[in-house]
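Chemist: The structure follows.
Just so it is clear, none of the values below were taken in a lab; they were calculated from the coordinates. Quick caveat: nothing in here was measured; it's all calculated off a predicted structure. Cβ placement follows ideal geometry from the backbone for every residue including glycine, while neighbour counts extend to all protein chains displayed.
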Amino acid sequence: MVMSALADDSMEGRMTGSRGSAKAATFIAQQMGAVGLVPAGDSGYFQRVPIALTRRSNGQERLSLLTDFASLDTFPADKRRPGLNVVGMIRGSDPVLAREVVLVDAHYDHLGIGKPVNGDSIYNGADDDASGTTAVIEIARAIAAGLRPKRTILFVATTGEEVGLLGTRWFILHPPVALTSIVSNLEIEMIGRPDSLAGGPGRAWLTGYARSTMGAMFTAAGLPIVADARPSEHFFERSDNIAYAQMGIPAHALSTYNMHTDYHRPSDELSRINFRHMTQVIQAGVGAVRILADGAIPQWNKDGRPAAQ
């Protein structure tokens, strides 16, 4: 099972640039291969990302995205970190619409091994975001098994969201397709537990719902996807989708995060995932991606597009 592998202790919490992160990326690439996706990285399914441990002015070290791999070569070996996005594609069937691309993504990194809590030091990140990464793979599997979509779909698992969107920032600078061809982005973030404010099990919410026509398109199709009931939390701006939205691409995240207290704690474990709920949300995600791939292109509503960065 995809979810149990990603949230297993053997992945060591999938910290960006770690051995566990590289192991997770390899597993995700294998899953994309089993689904039959076309490799779309610069090295098979892998898009290499130059990451190194750098020192701030206050003396503390942090993971940083470098400008290129030549810069990475200037760092000592013990400061270089493995950085990998994982990218697969289903090419569109329509001779015209296939030039347009729908981006479906999730971040697979988490917090690694840290301060023990009740004797547990591995931050497995089952909900955050092994659940979303699993959804990306399962949505790809479902669509690949059916009629080919009219538009091309790019399925991406990114690294470094937890430390500043490193993988997404590199992806934008080095896209496998022209950025101008990407017409929409659906990110999937924390769908492992139901949220009562979304209507309970099997229902999800969309960040920034009112900002574009995407949410209304899903609602009109009868999908169990509603508006984010916690706008004060600014979830629209807090994950990878915001980078694409600031470029003008209608980009939102699908989630069911219910503000649970296991967020960013070792207790975000597989045992706390509601698999029936998650399966239903993934099925809704399949429907949503089908709409984006075969239907109208979402448009920003008045004052909905965020300022460019």
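Chemist: For the chain, return all DSSP H helices satisfying: extent of Cα atoms along own axis at least 27 Å; mean Kyte-Doolittle hydropathy at least 0.0.
Modeler: Length and hydropathy pass: 275-294.
Chemist: While we're here: Mind checking which of Pro95, Asn118, Ala24 is farthest towards the positive end of the chain's charge dipole, using Cβ charges of +1 (Lys, Arg) and -1 (Asp, Glu) about the Cα centre?
Modeler: Pro95
Chemist: Run the reach check for Lys302 against aspartates and glutamates, Cα to Cα strictly under 20 Å, same-chain hits fewer than 8 apart removed. What comes back?
Modeler: Leaving aside aspartates and glutamates fewer than 8 places away in the same chain, those within reach of Lys302 are Asp228, Glu237.
Chemist: For the stretch 121-128, what does the Karplus curve 6.51 cos²θ - 1.76 cosθ + 1.60, with θ = phi - 60°, yield as ³J(HN,Hα) per residue in whole Hz, taken in order and with x for Gly and Pro?
Modeler: So the Karplus estimates, Gly and Pro as x, are 10, 9, 8, 6, x, 4, 7, 10 Hz.
Chemist: Using modelled amide H (1.01 Å from N, peptide plane; none on Pro or chain starts), what sits under 5 Å from the amide H of Asp109, excluding residues fewer than 5 places away?
Modeler: Excluding prolines and chain starts, which carry no amide H, the hits are Gly160, Glu161.
Chemist: Additional query: Under 15 Å from the Cβ of Asp228, count the other residues' Cβ atoms, weight Lys and Arg +1, Asp and Glu -1, and hand me the total.
Modeler: -1
Chemist: What list of ³J(HN,Hα) couplings, whole Hz, do you get for the stretch 194-210 from phi and the Karplus terms 6.51, -1.76, 1.60, once you set θ to phi - 60° and write x for glycine and proline?
Modeler: Ordered by residue, 3J(HN,Hα) equals x, 10, 4, 6, 8, x, x, x, x, 10, 10, 10, 10, 5, x, 3, 7 Hz.
Chemist: Taking amide H positions as placed in the peptide plane 1.01 Å from N, state which residues far from Glu187 in sequence (5 or more) or on other chains have amide H under 5 Å from it.
Modeler: For Glu187, whose amide H was placed from the backbone, the distant partners under 5 Å are Asp105, His252, Ala253, Leu254.
Chemist: Quick check for me: using +1 on Lys/Arg Cβ and -1 on Asp/Glu Cβ, what's the dipole size of the stretch 17-162 about its Cα centre, in debye to the nearest 20?
Modeler: The calculated dipole for the stretch 17-162 is roughly 300 debye.
Chemist: Ranked highest first by average number of other Cβ atoms within 10 Å, how do 150-160, 294-304, 106-116 line up?
Modeler: Order by mean packing, descending: 150-160, 106-116, 294-304.
Chemist: A follow-up question, please. Explain nothing, just the number: dipole magnitude of the chain about its Cα centre with +1 on each Lys and Arg Cβ and -1 on each Asp and Glu Cβ, in debye rounded to the nearest 20.
Modeler: Its charge dipole is roughly 460 debye.
Chemist: Please report the antiparallel percentage of the DSSP beta bridges confined to the chain, to the nearest 5.
Modeler: Given both bridge residues lie in the chain, the antiparallel proportion sits at roughly 55 percent.
Chemist: Separate question: Add +1 for every Lys or Arg and -1 for every Asp or Glu among the other residues with Cβ under 15 Å from the Cβ of Gly92, and state the total.
Modeler: +3
Chemist: Hey, another quick one. Skipping prolines and chain starts, which residues have an amide H placed within reach, meaning under 5 Å, of the one on Gly125, given they are 5 or more residues away or on another chain?
Modeler: Distant-sequence amide H within range of Gly125: Asp268.
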